[in-house]
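Comments concern the structure below.
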């Protein structure tokens, strides 16, 4: 008899599990070697605790009532539960604090397109070490993790989460209009972005062109100069911060795989400062991401800077298989 | 999970059907050889220098591009709006393939208004259920959207629906079926879209093709 399981979930059988386990162990080894201790948290939490971290995950969360009428939710990532854990268990601990995890998270997405509703993430959280050093350390760990996973060709996109918020404020675009434009930028809808910006009162053609051009700047260090040429305080601030991060990365010798990307915008609500995204040429989907969330812990009562990343393990596994099937050929 | 790879020649998804001719003209103007596609061949894939053209239904373009099976592609804005949840980067308005998404009803017939007034709800047949739902929701009206696959003009003629939401280029099909435009919903043109990872990892090729398409259109 066939007994169904909910869409977006799946069973793992021994052949796959053996490979996944190897990947898991390789990653946890990398994390532990660098001083990141592994933690586990419950898959279910109180909804109001998770919402404190990121109200915007509201539309993708699974919620239900328990026997005593409390509203519970399945975690949609590990960053918010770990912020809760730090506030509760490590409030007076000596900083910086290094934690890592390998855990399932849940999002009520439409399955069947490379997105599962239950998925495994491996990642780290570095608390108490500000930019640029904290960011550089996280990128260094991420690179080591990608190497350990066999993804030597993976690329890390590095952007700035505050760039467009500040730029739009500079243009005098606020409130709903700004959120709508940020949405266009996050979706990379350049046609809609240009049309919507042009319609706004007081935004000049030149400013529209700056915003569109900025979102297309990605590549090596030269991108920072190209961005600066577009001018403005928001750009100056973001490029200065990116430049500092890049210097810190170069000092650690881990800047080679980093691609500066001024079009990067992650849709999670808690990011500030540097943001990261991971790609591999063997896969059309993003492998993971992260960045800084210096304001997140404050929402839980601990005012500490923080940064981290998470890799989607199923996607890493697919990418690894693709890389292996290339047979180490050089092209 | 998409297994598609963003390497090798740049794979360009080309829409068959109404957009094909102008898409090939635009690619020609961008310096890409399309003679193979224009020929008699029934192949779906046409390898070229550094660029491979892959032909498919316009509504499949977002699917292939989202998964990275095609790195970039061309399709109508109507398709992108109907599949708004697909993550593809919309880089360029190509300007051709211009048509309007409209609400149409039978000529001189007040079924639409009457159903809304007396039943509180219109029945609308369409191949674009999500665009239709969003439009009526956005204008504060209640409708029952009926999805059909084939000639949607049929629906109001034999009583399946009070009106239709459909794409209109010249309006001839509507006219021949005794239908008329009641409301204009939006205007659609062809768009150049890119896969998220290809846009990052093949930036030069993707930007280069976008720039050449833009130049070709300006000519």
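One table, with the values for the structure above:
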item: Matching helices (runs of 4 or more DSSP H) fully within the stretch B:1-74 where at least 1 residues are within 29 Å of residue A:316 (Cα to Cα); result: B:61-67
item: Residue count, the stretch B:169-206 (criterion: part of a helix (DSSP H, G or I), away from chain A (no Cβ under 12 Å) and touching a residue at least 24 places away in the same chain (Cβ under 8 Å)); result: 2
item: Enumeration of residues in the stretch A:254-269 that are more than 9 Å from chain B (Cβ to nearest Cβ), more than 10 Å from the chain's Cα centre (by Cα) and in a loop (DSSP other than H, G, I, E, B); result: A:254, A:255, A:256, A:257, A:262, A:269
item: Members of the stretch A:254-283 found to be at pLDDT 90 or above and out of contact with any helix residue (DSSP H, G or I) (no Cβ under 8 Å at 6 or more places or on another chain), listed by number; result: A:256, A:264, A:275
item: Flag if residue B:47 is touching a strand residue (DSSP E or B) at 6+ places or on another chain (Cβ under 7 Å) and at pLDDT below 95; result: no
item: Lone qualifier among B:26, B:70 - being modelled with pLDDT of 95 or more, touching a strand residue (DSSP E or B) at 6+ places or on another chain (Cβ under 8 Å) and within 14 Å of chain A (Cβ to nearest Cβ); result: B:70
item: Any helices (runs of 4 or more DSSP H) falling wholly within the stretch A:1-115 and containing at least 3 residues that are within 25 Å of residue A:321 (Cβ to Cβ) and touching a strand residue (DSSP E or B) at 6+ places or on another chain (Cβ under 6 Å); result: A:14-33
item: Output for the stretch B:172-199, where each listed residue is in contact with a strand residue (DSSP E or B) (Cβ under 7 Å, 6 or more places away or on another chain) and more than 30 Å from residue A:188 (Cα to Cα); result: B:174, B:178, B:179, B:180, B:181, B:182
item: Test: residue in the stretch A:190-201 that is without any contact (Cβ under 8 Å) to a residue 60 or more places away in the chain and part of a loop (DSSP other than H, G, I, E, B); result: yes
item: Unique residue being at pLDDT below 95 and touching a strand residue (DSSP E or B) at 6+ places or on another chain (Cβ under 8 Å) when the list is B:62, B:9, B:58; result: B:9
item: Residue A:92 being buried (at least 18 other Cβ atoms within 10 Å of the Cβ), under 23 Å from residue A:292 (Cα atoms) and modelled with pLDDT under 95; result: no
item: Residue in the stretch B:78-99 that is in contact (Cβ under 8 Å) with a residue 12 or more places away in the chain, assigned to a strand (DSSP E or B), more than 14 Å from chain A (Cβ to nearest Cβ) and under 11 Å from the mean Cα position of the chain (by Cα) present; result: yes
item: Single condition residue A:314 does not satisfy, out of (1) in contact (Cβ under 8 Å) with a residue 40 or more places away in the chain; (2) out of contact with any helix residue (DSSP H, G or I) (no Cβ under 8 Å at 6 or more places or on another chain); (3) more than 12 Å from chain B (Cβ to nearest Cβ); result: (3)
item: Of residues in the stretch A:137-163 being over 17 Å from the mean Cα position of the chain (by Cα) and buried (at least 20 other Cβ atoms within 10 Å of the Cβ), the one farthest from residue B:194 (Cα to Cα); result: A:149
item: Condition broken by residue B:103, with the remaining ones in (1) touching a helix residue (DSSP H, G or I) at 6+ places or on another chain (Cβ under 7 Å); (2) part of a strand (DSSP E or B) satisfied; result: (1)
item: The stretch A:227-238: number of residues that are in contact (Cβ under 8 Å) with a residue 60 or more places away in the chain and either under 23 Å from the mean Cα position of the chain (by Cα) or crowded, with 21+ Cβ neighbours inside 10 Å (or both); result: 4
item: Some residue of the stretch A:213-226 being in a helix (DSSP H, G or I), buried (at least 16 other Cβ atoms within 10 Å of the Cβ), more than 11 Å from chain B (Cβ to nearest Cβ) and out of contact with any strand residue (DSSP E or B) (no Cβ under 9 Å at 6 or more places or on another chain); result: yes
item: Filtered residue count, the stretch A:166-189, keeping only those that are in a helix (DSSP H, G or I) and surrounded by fewer than 20 Cβ atoms within 10 Å (Cβ to Cβ); result: 13
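Quick grid of which residues meet (1) outside the structural domain of residue B:202 (by TED's automatic domain parsing); (2) on the phi < 0 side of the Ramachandran plot; (3) buried (at least 18 other Cβ atoms within 10 Å of the Cβ):
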| position | (1), (2), (3) |
| --- | --- |
| B:57 | no, yes, no |
| B:65 | no, yes, yes |
| B:78 | no, yes, yes |
| B:84 | no, yes, no |
| B:103 | yes, yes, yes |
| B:107 | yes, yes, no |
| B:114 | yes, yes, no |
| B:119 | yes, yes, no |
| B:132 | yes, yes, yes |
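The values are calculated or read from the model by the stated rules, or taken from the named source; none is laboratory data. Source: prediction; values computed, not measured. Backbone-built Cβ (ideal geometry, glycine too); neighbour counts: all protein chains shown.
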